[in-house]
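Beneath this line is the structure, given in structure tokens, with notes to follow.
The values are calculated or read from the model by the stated rules, or taken from the named source; none is laboratory data. Source: prediction; values computed, not measured. Please note: Cβ atoms are built from the backbone with ideal geometry, for glycine as well, and neighbour counts cover all protein chains shown. Side chains included, ligands, DNA and RNA excluded: accessible areas come from the protein's heavy atoms. Shrake-Rupley method; radii C 1.70, N 1.55, O 1.52, S 1.80 Å.
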Amino acid sequence: MKRFIFLLPLFLLACIFACSSERQKNTKNTELKVDTLETSYSKGFYLLQAKDAYIVQILNPDNRSEIEQEFYLYTKNASIQSKKDAINIQIPIQKNIALSSTHIGMINALGKSQTIVGVSGGPYLCDENLKARLEQGELKSVQDIAQANFEEYLGLHPDVIFSSSFTKDAPILEKLKQANIPVFNNYDWRETTPLGRAEWIKVLGIFFNEYTRANNFFEQEVNSYTALKEAATMVFFHPSVLSGYYYGGVFNAPAGESYQAQLYKDAGAAYVFAQQPGTGSLDLSMEEVVTQFRDVDYLLNVSGNTKAEIEKAFEKYSLFEAFQGDGLYNYTANNNCFWENAAHQPHLLLADYIAIFHPEIMSRDSLNFYKNIQ
């Protein structure tokens, strides 16, 4: 009897050790092992790949050391189908709402436009297939996050809503969270380089389980853009450029660290606000702009299709030498397609700028987006 009592604790210890080892083994087997996917130009996200799953980390554009959102995107074959403190979505997604033209363009480039069930600004679509779906009622035009109707979003049953996140405190966001409808914050517009912005197609590719396709598309874009950029390095003259539009008593111009400013530099131009910090827009006095930059060689992106229309909106535009001559250009020639395609295909935009600034090395006869305003 004493011998039995003595052996019992040893038996219990052996059982506890065995159970503990089994728990550790199970934990180890289900532990998420990831590899980092290369990001070449973008500063706004990290991509991690696990077995049959991905982790997408979206960084706060105002503090890149802070992860603002984390998505765990898993396939039906993934052994781990949820991650704590992450937004869990099974891929490929079947339905989405795309609230920006840039999202529409990237999704279309991936061959997944049929998954879009809602768009913001439906009447301004570029893609003919999406226009047809809108007319047939298969695609719905919805309001952006700030003005959105919750029931309208809910009725479309999206797996995710792609948003540019201009408004982070909209009341609808909490309702969407409670309804388990995730909102993806796409900060491609906060990138400092055109290729950094274009690289966001990799992120969207993962939502459709098409990372390889997205990566191949981006690599081709890098090659096309780089070739044009190298051609522009051969120029000796760098014309001055002012870009922006007048609205609400303010002249809005791209800041010096924006992707737009980088485009002008890559096209061999001297952007007048190149030294101004920031990745967004500069809010300036029109009188100050006219006084300081009246003699710029080129004036871009002024809202209007004719000089008469532009001068009627704000007569001081006529004081610019570029306005008086042939230096006034705008993308209104292909407005809708500009917003859908320029973000993920910046080489098309760069080609336009090189032709405008340096017609000696590239013809202006077939611009992709821009036209000379007369």
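Before moving on, here are some points about what is shown:
- Taking region 316-339 as the range and being within 12 Å of Gln374 (Cβ to Cβ) and either among the polar types (S, T, N, Q) or open to solvent by 70 Å² or more (accessible area, probe 1.4 Å) (or both) as the test, the residues that pass are Gln324, Asp326, Asn330.
- Search result, residues across region 60-79 that are surrounded by 16 or more Cβ atoms within 10 Å (Cβ to Cβ) and either in contact (Cβ under 8 Å) with a residue 40 or more places away in the chain or in a loop (DSSP other than H, G, I, E, B) (or both): Pro61, Glu68, Gln69, Phe71, Leu73, Ala78
Per-residue answers, yes or no, for (1) surrounded by fewer than 19 Cβ atoms within 10 Å (Cβ to Cβ); (2) out of contact with any Gly (no Cβ under 6 Å at 6 or more places or on another chain); (3) of a type in the set (Val, Ile, Thr); (4) on the phi < 0 side of the Ramachandran plot:
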site: Leu156; (1), (2), (3), (4): yes, no, no, yes
site: Asp159; (1), (2), (3), (4): yes, yes, no, yes
site: Ser163; (1), (2), (3), (4): no, yes, no, yes
site: Phe166; (1), (2), (3), (4): yes, yes, no, yes
site: Asp169; (1), (2), (3), (4): yes, yes, no, yes
site: Lys175; (1), (2), (3), (4): yes, yes, no, yes
site: Gln178; (1), (2), (3), (4): yes, yes, no, yes
site: Val183; (1), (2), (3), (4): no, yes, yes, yes
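- Residues (among the polar types (S, T, N, Q), touching a strand residue (DSSP E or B) at 6+ places or on another chain (Cβ under 7 Å) and at pLDDT below 95) located in region 61-81: Gln81
- Residue in region 229-238 that is on the phi < 0 side of the Ramachandran plot, buried (at least 19 other Cβ atoms within 10 Å of the Cβ) and aromatic (Phe, Trp, Tyr) present: no
- Beta carbons closer than 6 Å, at least 6 apart along the sequence or on distinct chains, pair a first residue in region 102-122 that is among the β-branched types (Val, Ile, Thr) with a second that is assigned to a helix (DSSP H, G or I) and surrounded by fewer than 24 Cβ atoms within 10 Å (Cβ to Cβ) for Ile107/Ser113.
- Residues satisfying the stated conditions in region 320-342, i.e. assigned to a loop (DSSP other than H, G, I, E, B) and under 11 Å from Asp297 (Cα atoms): Phe320, Gly325, Asp326, Gly327
- Once region 295-315 is narrowed to residues that are open to solvent by 60 Å² or more (accessible area, probe 1.4 Å) and within 30 Å of the chain's Cα centre (by Cα), the residue that is modelled with the highest pLDDT is Asn305.
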